[in-house]
Every structure is written in structure tokens, then in C-alpha cells.
Amino acid sequence: MRPYIHTAILTACLTAGPAARAQDTFSLVVLGDTQSYVVNDTLAANFTAQTQWIADQQSALNIRFVTHVGDIVEHATAAEWARADHAMSILDQAQVPWAAAFGNHEWDTPDQPGGGDSGFITHFGPDRHQGESWYGGSSPNGRSSWQRFEAGGRTFLHITLEYDAPDDAIAWGQSVLDLPENQGLPTILTTHVYLNDNRNVGFTDASPTTVQRVTSPYTGGADRNSGEDIWQEFVSVNDQIFMTFNGHYAGERLLVSTNDAGNEVFQMQVDYSRRPNGGDGWLKLLTFDVESGEIHVQTYSPTLDEFAQFEPDANHPLNLLDEYTGPGDTVGDGDAEYTIFVDFDERFGPVPEPGVGALLVPGAIATLHRRRG
């Protein structure tokens with residue numbers, strides 16, 4: 001078994017210059033639901049602390065992309081959109097490529113499909129990134145989008161699908177994958193509602209749980225799809241999708257599933273909005289070493305300036321001991337830190353010529369290693 005990479009190694013990278021990094025190593029940051037931050041200026045400081053930290057560490061950690069899982073705002077008021085816009089503008093100024101998924105709170109009337117999406121379109125819609133070399137485009141309604149970024153000697157594709165992705169959104173996502181320049185590229189999907197576990201709605205039961213994809217669309221609708229539907233109709237049938245992110249349900253969880261081609265897909269839930277102070281600035285940090293096939297997953301807070309080791313706390317039942325217990329299982333709200341392995345050359349083929357998608361190679365190897373204590 002390959003050794004677990006300790007936090008200290010990544011911590012050292014925070015102060016190391018670019019020359020100290022391996023050429024194939026880069027980072028990707030996942031922002032969980034920020035809805036609780038934008039309700040006032042005090043809590044919004046946690047949001048701006050996250051994006052400012054990303055901008056400040058862009059070079060040291062070789063941060064190549066940032067994805068937001070949705071529920072950017074809580075009530076979709078003008079003031080909330082302005083706070084969110086300000087926080088994400090820090091990434092624009094630092095020229096960090098990023099994307100944000102459309103969550104249920106992005107409706108002008110939150111949780112009411114059809115209640116209008118003008119706030120999202122105005123602040124986070126297609127016009128925001130037009131002209132950026134890494135921006136691919138959006139769905140006709142502007143709620144889903146795609147991006148490409150260069151990292152680790154490869155071209156990666158990222159797609160957002162609006163929550164409870166309707167049939168036409170899934171069809172649009174498939175059309176993005178089918179573009180000649182995108183075929184075979186390692187692909188990451190971000191959508192808001194996808195993964196959860198089987199605890200009760202109040203999330204007060206600290207007993208061991210099983211992670212699962214949600215089986216019913218959150219807000220319903222004949223043409224809207226649950227997390228399980230999205231897996232069956234989009235993720236599992238497209239072997240190039242090797243990783244997914246979602247929010248909506250509080251906590252951080254991991255589910256490893258085998259797709260139709262027999263390869264593993266690493267699905268991560270990232271939402272800290274029920275933690276103290278709207279989330280205390282926690283974010284998910286993934287460090288990719290493409291050459292070795294290692295992806296180190298950690299949870300970090302710029303606000304607290306610490307890596308997560310959640311301990312039991314009777315006052316905050318979500319703050320539970322971090323402990324990974326195997327594919328699909330967690331203890332409480334764990335999975336704060338672990339390492340996964342993906343053989344990129346075997347799964348996606350050799351690095352292609354510039355501008356040409358990699359060829360799919362069957363029989364990929366991707367194994368999950370439990371963290372060592």
C-alpha cells in the first residue's frame with residue numbers, strides 16, 4: 001500500500017516557491033455552499049477570506065481551477081448577490097479560472113423553480129467569462145457551463161449542471177462531451193444536488209452512515225433528474241468523467257462507484273454551511289500529482305488558518321471525528337482528509353498533442369487507499 005501523504009507535506013508547499021513544486025503537481029479548490037456567508041457583511045468576510053487565500057496561494061500551490069457547488073446566496077437579494085460577486089471577483093482579478101453551479105437558492109424566489117434566475121444570470125451567467133480562453137460556453141438558459149484548464153501536462157474538462165438537471169441540461173452536457181476537442185479529456189462534474197447519506201433530515205444522528213446518491217429530485221418536476229438519475233444517464237455512461245462535486249446537504253463525504261466501463265468515479269460532497277459562523281471558511285483542497293497518480297484531498301480554513309481534524313463536540317453535532325472507513329461509508333461527518341489514486345495515462349491515454357483530446361484507453365486503474373492514522 002502506498003503511504004499516506006501527511007498534512008505537513010502540503011503545509012510546506014504553502015511557503016515553498018514554484019521551483020520547489022514538481023512540474024506535474026497542481027491544486028484544485030472546491031468552495032462549498034456560501035449561502036450563510038452572504039447574509040451580512042460580517043459573515044461575508046469568510047467568503048472573501050477564501051477567495052483571497054486562493055489568490056494569494058495561486059503560485060505556491062499552483063492552483064489551476066476553482067469550482068463552487070452552488071447555493072451561492074441564501075435569499076437571492078441584491079445585497080447578497082453583491083457580496084458574492086465581490087468575493088468571486090477576487091479570483092477574476094487574480095486570473096484564476098472558476099465556475100459556479102446553479103443551486104436551488106439561486107432562484108430569484110429561492111426553492112421555487114421558475115421563480116426567475118435573473119440574479120444568477122446577471123452576476124454569474126455567461127457574460128461574466130466571455131472572452132476568457134478557458135471558458136467554453138453555457139447551456140441555452142445560462143444555468144450550466146463548461147470550462148477547460150491546463151494542468152499537470154494535461155487538459156482537463158469541467159462541467160457544471162444546474163441542480164436537479166432537467167433532461168435538456170443532461171443532453172446539453174452530453175453535447176459538450178461529444179465535441180471533438182473534448183472527447184476523452186479527464187472530466188470533472190459539479191452539480192448542486194447529487195450525494196447525501198442516510199441520516200435523518202436534522203443531521204443530529206452521529207451514528208455511522210452510508211453515503212448514497214439522492215434518489216428523488218429536490219424540487220420535483222417531470223423532466224428533472226435526481227442524483228441517481230444523473231449518475232445513470234450521464235456520469236456512468238461517460239467514462240471520461242472521473243470525479244464529481246456537489247453541495248446542498250451539510251457535510252463532506254466521499255462515494256466511490258464503478259461506472260459502465262468498469263472504472264472508478266470519485267464523488268465528493270462539500271458543504272460546510274451548517275458549521276459555526278456559516279462555515280468558518282472551510283474549503284476542500286485537492287492536490288494532484290499526475291505523474292504518480294496521487295490526489296491528496298484535504299479540508300482547510302483560511303479563516304482559522306488550520307487543516308480540519310474535526311473532533312466530537314456536543315454543541316455542534318456536525319463537528320465529528322475525521323475518520324475514513326472505506327468506500328461509501330463514513331463516521332459522522334468525516335472524510336476531511338484522504339488520498340485517492342488515478343492512473344491518468346492508463347485511463348485517459350498518453351498526453352495528446354496540443355488542442356487534441358486524449359484517446360480513451362480501457363482498463364483504467366484507480367484505487368482508493370484508506371488514510372493511516
Would you check which residues across the range 200-224 are among the small types (Gly, Ala, Ser) and either farther than 15 Å from residue 169 by Cβ or modelled with pLDDT of 90 or more (or both) and list them? 202, 206, 207, 216, 220
Only one of (1) over 16 Å from the mean Cα position of the chain (by Cα); (2) outside any loop (DSSP other than H, G, I, E, B); (3) not basic (Lys, Arg) does not apply to residue 65, and that is (1)
Which residues, counting only those in the range 115-170, are touching a residue at least 60 places away in the same chain (Cβ under 8 Å), under 26 Å from residue 77 (Cβ atoms) and not hydrophobic (A, V, I, L, M, F, W, C)? 160, 162, 163, 164
Output the qualifying pairs, or none if there are none: Cβ atoms under 8 angstrom, residues six or more apart or on different chains, first residue in the range 37-58 and under 9 Å from residue 83 (Cβ atoms) and in a loop (DSSP other than H, G, I, E, B), second residue modelled with pLDDT of 95 or more and of a type in the set (Val, Ile, Thr). 38/72; 38/73
Of (1) surrounded by fewer than 22 Cβ atoms within 10 Å (Cβ to Cβ); (2) touching a residue at least 60 places away in the same chain (Cβ under 8 Å); (3) under 18 Å from the mean Cα position of the chain (by Cα), residue 26 fails just (1)
Within the range 263-279, of all residues that are touching a helix residue (DSSP H, G or I) at 6+ places or on another chain (Cβ under 8 Å) and within 19 Å of residue 73 (Cβ to Cβ), the one surrounded by the fewest Cβ atoms within 10 Å (Cβ to Cβ) is 277
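Taking residue 175 as the residue in question, decide whether it is assigned to a loop (DSSP other than H, G, I, E, B), over 18 Å from the mean Cα position of the chain (by Cα), free of Cβ contacts under 8 Å to residues at least 40 places away in the same chain and surrounded by fewer than 23 Cβ atoms within 10 Å (Cβ to Cβ). Walk me through how you get there before you give the answer.
Numbers: assigned to a loop (DSSP other than H, G, I, E, B): no; over 18 Å from the mean Cα position of the chain (by Cα): yes; free of Cβ contacts under 8 Å to residues at least 40 places away in the same chain: yes; surrounded by fewer than 23 Cβ atoms within 10 Å (Cβ to Cβ): yes.
The answer is no for residue 175.
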Yes or no: the range 118-126 includes at least one residue that is within 21 Å of residue 86 (Cα to Cα), under 19 Å from the mean Cα position of the chain (by Cα) and in a loop (DSSP other than H, G, I, E, B). yes
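The values are calculated or read from the model by the stated rules, or taken from the named source; none is laboratory data. Bear in mind the structure is a predicted one, so any value in this text is a computation, not a measurement. So basically every Cβ, Gly included, is an ideal-geometry build from the backbone, and we count neighbours across all protein chains shown.
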